[in-house]
Each structure stands twice: as structure tokens, then as C-alpha cells.
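These notes are about the structure you will find just below.
What follows is calculated from the coordinates using simple rules that are stated; it is not laboratory data. Values in this document were obtained by computation on a predicted structure and should not be read as measured data. When we count neighbours, we look across all protein chains shown, and the Cβ atoms used for this are built from the backbone with ideal geometry, even at glycine.
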Amino acid sequence: MVQVNGIEAAALGLLDAQIHSAFGVFGYPANDVGDQLLQFFDSFEWSVNEKVAFELSLGISVAGFRAGVVIKQAGMSILYDSMVNAVMHGIGGGLVILAMDDIGSVKSTVEQDSRSLAKLAGVPVFDPNTASEVRGIIPTAFELSETCSIPVVVRISSRLRLSHMQVDDSMNYKNVLHTPYRVSDEVARRLSKLGRMNHYQTYTYPRILSFLQSINVGINESRASHRVGFICSSGCHTFLEGMEMPYLRLTTVWPLPEKKIISFLKSYPYIMLLEEPGDFLETQVRVLAQQHQLKTEIYGRGNGTFAHYGPLSASRIQASSRALQEQTPLDAIQSTPQMRENKAPESYLPLTRVYQVLSQYVKRHSIPVAVDVGSSISLQYPPYDIAEWGYCLGSAISVATGLTRAGKPALAVIGDYGFIHSGIQALMEAVSQQQSVKAVIIYDGISRRTGGQSHLLHQNQAQHKNISISELVYACGVKQYEQLKVESDTSDQKIMQSIARLINIEGVAVTVFELA
């Protein structure tokens, strides 16, 4: 027997569901699932971005097989357009998105709640609470996906790294399942766009409700003689361990098991919502209480009982519960913006050489710099301190293009993975608009910030064709291109000269620093 945590257990759930393929995009905490799949499964691939990963899975699905998508919460917005159209168009074999939410933005630029985007798209959401629940719910999610011909989201909180289960270390899995499910021609080809939306509301959504009611999954209830009841999801019930508090633990969070929740609301004068990172459940529960004219008072993030975002605090939960029990005043949390901490400088010598020389040149010539949120985000911190803007993965070139168009030329610095993820379109745009944009691409064939995984620009990968970064850049229409291999002993002068040539060229120009 071996022990796996609640995120690693998701890989086992995918294999239990007899998937044909899975596609993912690396990043914390999705890496844990990908690493597990790479150990035991021959048909998992890291993809160039989330939209591509989802659409690859759509291709598997419409062929009648099951497919999984593995992403972190930041990727939900990238695949949203494809996902919402898949809901209306219909799919074939089951398609399940494992959305990993980074609670507290441990390794993310922004804390986001995957549940909200899924609900907005009309996609059912499971929100498991334990490692065993993670593994068990994923095959059920595939059944729901096939029954209703839509994608399904299993949202997995990073908190579930703290939950563990024992599994058989032999890891023997069944053969790939070829399902009888296919895209409905009546829906996909014969209905208008508005007709598809009507079909979802009239037929698909009621089938979702019927399926969830029939399985009665994801409800764990503990009653006690108490004035305060708790409604929990995503592993937050663990805050109540040893407190003998009544709680309703949910795994199905959209659509909600409304009858069960209403019954629970009627049993306690005060209800406290424990969820992370946002108030997704709380908002729905408040609406339910209002619709049924219940006098139950509801406490959570929405009224200041807890901070609006971020991890919950055990001490705050206990203090709030005590105040309600004793009917003493409960002060709302007054959050104050936190100052950012410094990041440790990059340690890989060829990269630090580039950044040091780049920093010297930029400061000497007062050049505005836009960066990516990969390794180049280091340029916003000491000892470099040269970047003013760093929005998201792949944004540096488009931001620099906008600045240039507005009369404030800027240098874009982007990693090779950020470039192929979503920066390449911005380079084409810069060429099309004939803006004099200068871009530095840091090239080493790995995603340095997410764990060093190889991506499609990495040379000599087994079973993958080599793709040339120079050919990609030239294909965007760039005429002025330079590539310099930087080793530990490459002189500062050589790097400086390369930067100077880039800055002084008219038109769109790209310099690639290839890290040895």
C-alpha cells in the first residue's frame, strides 16, 4: 500500500473512469495530478495552453471515449469560451475538467474560484472534501457528463493536500472504455444558437437535477444540539474536528441539493458557511433562505464574519461560533491590503547573467519594461527592479505593443513558455499593426516557475517533434531576429551588445537568449 494526498488521488479517479487520454497545463497545484498520471498512464500530455487541452479532449469525447482536463484555477478563463459552447453543442464520451484552486494564491498571481465560472457556463460542479471522495466522485462525474452530454467540473482545493488515503501500489487499471455516447445531430446541427440554449434550459438542466437527485451523492450530515449549524465544502469540515458541531458537508455544489439544505437551515437559528476561496455557496444559500422566507441568520464571507477571500482561520471560526452561541457582538473582519514580499533571485547562472546585464542597460537608458508572470516576473523585484508591469502569462508583448502605440515604447521580456502559451498572438498583432515593438524571449525549453516541466519548444523530447523557436518567430512576420546562446561564462559585453542592437532597431524585433 502507498499513501496519496487528495490532489494525487484525482489521477487515480481518472484512471478508474477508464479514460482514453488526459491533457493538462502545468502549474500549482495541478502538477500533482500530472506527475501521478505520467507515472502510471501512457496517454497524458502537458499542452501548450488550457484552450488547446480542452479542445483536444473534445476530440477524444466526440470519438466516443472519455477524456480528462487537468488545470489550475487560472486556466478556467482560458478554456471558458470552448467550455460554454461545448455545453450548448453537446459532446460524446465523458469530459471532466479537474480544476485545481490555489487557496491563498501560494503560487498564483490571483486567487480565483473555479466554481463560479463553471456555474456561469451551466456546467455542474462537484467539490470533494477528502482524498477518498476525490477518487470516488470522478467516475460519477463522467457518468453525469455522458448522461447530459456536457462537460463536468470537479473542483479540487489545494487544501486537500492535507487529506490522505491508502491505495494499492500495484496500480492495475481497466482497459480504455469506448462509450456509446455521441454528439446529438438534432442539437448540434439542426437547432439554432438560441434553440440550443432553450434545449439546455428545457431538457439538459432538468436531466442534471434528476441525475444528482438519483445518486444522492456528496451529503454528509452531523446533527447536534447547538444554536449554530455549519455548511461546508472543499475539505473545510476539518476545521470542526473535535468541536462536536452540527454540519452539512456538501460535494455537489452546483446545482445544490436544495431540499437537504432547506431542511438543515430550518434546524438552526444561525448558519455559518465554511468554504474557500470565495462565497460561492454562501450566495446561493442566502437566496434559498430568502425564497423560502426562513428567519435563519447566515454568516460567512459576505457579511464580514470571514475575510472575503483567502484561507479560513480555525481561531476565527471558533471565536465566531462562540459569539453566536453566547449572543455577544461579532465584529466584522477589517481586511487591510498586504505588502508583497520579495522573491528570491533566480539561481540559474545563465539566466541571472541575462537579467543582471538587462537590468544595467535598462536603468542606464530609462527604458520601460513589461514582463510575463513566468521567470521574468523576477525583474519586478530586487536586485533587478526594472519592470513596471506584469499582468499574466503571455501578456508582456501585447502590453508593450499597447504602450508603443500610445507613444511610450517599452521592452517586453517573456519566457518561451509564456510566448507559446499566449504571447505568440501578440507578436503577430505587433507585426500587423506595424508597431516598433522590442521583445526579449528567454528560451530554455522548460516552464521554470511551475516546476521545470519540458514544453513543446524543448529539444530532443522522446516521441515529440522538435519545434524551432526561430521558425515560429519568423512565421509571425518578424524580419529582425537574433538568437544568442548564454552560458555561465558568456561575457557581459556580448549580452549587452545584443540588447543594444535590439533596442536600436526600427520596427518589430526579437532577441532570444538561449540558456545553455
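General observations
- Helix axis angle, 205-215 relative to the chain longest principal axis, alpha carbon, degrees: 60
- Principal-axis tilt of helix 314-326 within the chain, Cα atoms, nearest 10 degrees: 30
- Estimated 222 nm signal from helices in the chain, with DSSP H stretches of n ≥ 4 weighted -39500 (n - 2.57), rounded to 500: -10500 deg cm²/dmol
- Förster radius 41 Å - calculated FRET efficiency between residue 474 and residue 330, Cβ distance, rounded to 0.05: 0.05
- The chain, relative contact order in percent, only Cα pairs under 8 angstrom and at least six apart counted: 11
- Rounded to whole numbers, the Karplus 3J(HN,Hα) couplings from phi for the range 254-266 are 7, x, 7, x, 4, 4, 5, 5, 4, 4, 5, 4, 6 Hz, using 6.51 cos²θ - 1.76 cosθ + 1.60 with θ = phi - 60°, and x at Gly and Pro.
- For GluC sites (Glu not before Pro), the sites in the range 420-516 that DSSP calls loop and that have at most 10 other Cβ atoms within 10 Å are 506.
- Relative to the longest principal axis of the Cα atoms of the chain, the long axis of helix 424-433 lies at roughly 60 degrees.
- Assigned charges on the beta-carbon of Lys, Arg, Asp, Glu; the chain dipole about Cα centre (debye): 1040
- Cα shape, the range 160-284, gyration tensor, a/c 1.5 rule: oblate
- Under the combined filter of DSSP loop state and at most 12 neighbouring Cβ atoms within 10 Å, the range 325-400 retains these GluC sites (Glu not before Pro): 341.
- Taking the Cα centre of the range 2-215 as reference, the dipole from Cβ charges on Lys and Arg (+1) and Asp and Glu (-1) amounts to some 700 debye.
- Here the contact order of the range 14-56, divided by its residue count and restricted to Cα pairs under 8 Å and six or more residues apart, works out to 47 percent.
- Shape annotation for the range 2-215: C-alpha extents along the principal axes are 50, 39, 35 Å, from largest to smallest.
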